[in-house]
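Report on one structure; see the data block that follows.
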Amino acid sequence: MKFSLRTLLLSVCLTGASLYSAGSMAEATAAMQGEALATSSVPAVQPDAGGASVTSPDLKMPAASKLPDMGETPALGSPAQIRTKRDTVCTRCHDENSATPVLSLYQTAHGVKADPRTPACQSCHGESLKHLAGDSGASKRPAPDVVFKKGAYPASDAHLRSEQCETCHKGGNRTHWLGSQHESNQIACNDCHTNHSPVDKVRDRKLQPGVCFTCHKEQQADTHKISTHPIDAGKMACSDCHNPHGSAGPKLLKKNTVVETCYTCHAEKRGPFLFEHQPVTEDCTNCHTPHGSNISPLLKTRPPFMCQECHDGTHASGTPVGPNAGGNQAGLTSNPSANNVGAGCLNCHRQIHGSNSPAGGYLQR
Amino acid sequence: MKVIFKCICAISCLAVLVLPEISQAMDAEAAKILAKHNNCLLCHGTDREKVGPAFHQIAAKYKGNAQAEAKLINHLTSGEPAKFPDGHTQPHMIINTTDKAELKNLVDWILSL
């Protein structure tokens, strides 16, 4: 069959016309449906019991919404909008191209915009009007009111830096912050804590010792000795014993005394015992060094030298401790000397932390 | 022989077209890193104007200017005064690098945008 030019043109026109009419019909149908939606009767939004309307020009709440009123007003907008607008003063420059993380704050609890309690940039860094305005006379833009980390500007004084956090984070574990060892040594909150990153290392038990060890190198070395608490194994963190924010006890321990702190895990040493060993009830660190030691178990010195720091004489104490504790032991006719027992005091005096046995006056049973 | 000659011509033409693109891509990455570390991007957006003009605006301004590279290098290293939108002037921040090749790379990248 010969295919003429006329036939071709005719078929193309017909195809185009049919496609166009199908498209316009579809559009008309959609438009009609849209109109139907727009003019459907929506009941007017009632003000809630608090008296405030829940509508704003841009954000219309669904008619049947039972969500609480977040304090939105028509003029200002929602708390999230207010917060975002306030932050743009800073984020118009300090955006995703910042060399140091800034916007990652919004991945943290400090970046929950919809909660009016969370701080804006200027809540912590100060209004910084000089920084915003610039200064023709200066060699560079003036620093913000509070600089937390040394970068283009030197960091602010530690007390000023900590004050910003203390506006919200005070009391509780931080009751003893003022005058504590860290605070007295010019350490501020952000020297350990990271705010602008979703991972705050000190709040992760496995990563926390690493932060403490940036300064506490001796303790880091101790944790690599033979006998140690399982810090390297990730089973214990520094904050299991210490409260770095300040403490009523010594050495920033969580509890009021050393023994109380140790008893939180080693409760079997608490007693009370029938026959007590006084250095045990007084302070565990009389014999032990908690961070690590090459003398198992976490001892400062080896027996018999450790025992001989208090118990001198051929065989330690000459006077029996308890009424039932007398008599010769191990078939010996007199008080055995330390050498006789191979300098292993604890071979016989096993209940060194205290004894509940009526015959335990020498802490042997 | 003719075939071989034609092949060689074709390959060399392709190389001339492709190689500059490869070298430009490498430059861009290094330049971006340098810009970010020196806080250039705090004031100069790559695609939008911030406190300072965007890089593509700078490139447009200096298009066809033979002195552009030298001028910009001088601008980054001399601390000459820069005018801000609110009217105040301030010395432009001096870039923290003495490597001339790095500096040239950065300026070339800006001018290519």
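Each reported figure results from applying straightforward, stated rules to the coordinates on display, with no laboratory input. Keep in mind it's a predicted model, so treat the numbers as computed, not measured. Neighbour counts run over all protein chains shown; Cβ positions are idealised from the backbone, glycine included.
Numbers below:
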read-out	value
For segment A:295-302, Karplus couplings with θ = phi - 60° (6.51, -1.76, 1.60), whole Hz, Gly/Pro x	10, 6, x, 6, 8, 7, 9, 7
Peptide A:137-144, shielding by other chains (average Cβ, 10 Å cutoff)	3
Sorted by Cβ neighbour density within 10 Å, fewest at the top, the residues A:Cys90, A:Cys168	A:Cys168, A:Cys90
Listed pairs A:Lys150/B:Lys104; B:Lys63/B:Lys100; A:Lys170/B:Lys50 exceeding 27 Å between Cα atoms	A:Lys150/B:Lys104; A:Lys170/B:Lys50
Hz values of 3J(HN,Hα) by residue in segment A:228-245 - Karplus curve (6.51, -1.76, 1.60), Gly and Pro given as x	7, 5, x, 7, 4, 6, x, 8, 9, 10, 4, 6, 6, 10, 10, 10, x, 7
Farthest positive-ward along segment A:76-198 dipole, Cα basis, beta-carbon charges - from A:Ala80, A:Val102, A:Cys124	A:Ala80
Proximal lysines relative to A:Lys217, as straight alpha-carbon distance under 17 Å, when same-chain residues fewer than 8 apart are discounted	A:Lys225, A:Lys251
Radius of gyration and Dmax over the Cα atoms of segment A:76-198, both given in Å	15.5, 46
Residues with amide H under 5 Å from that of A:Leu253, placed H, sequence gap 5 or more	A:Asn243
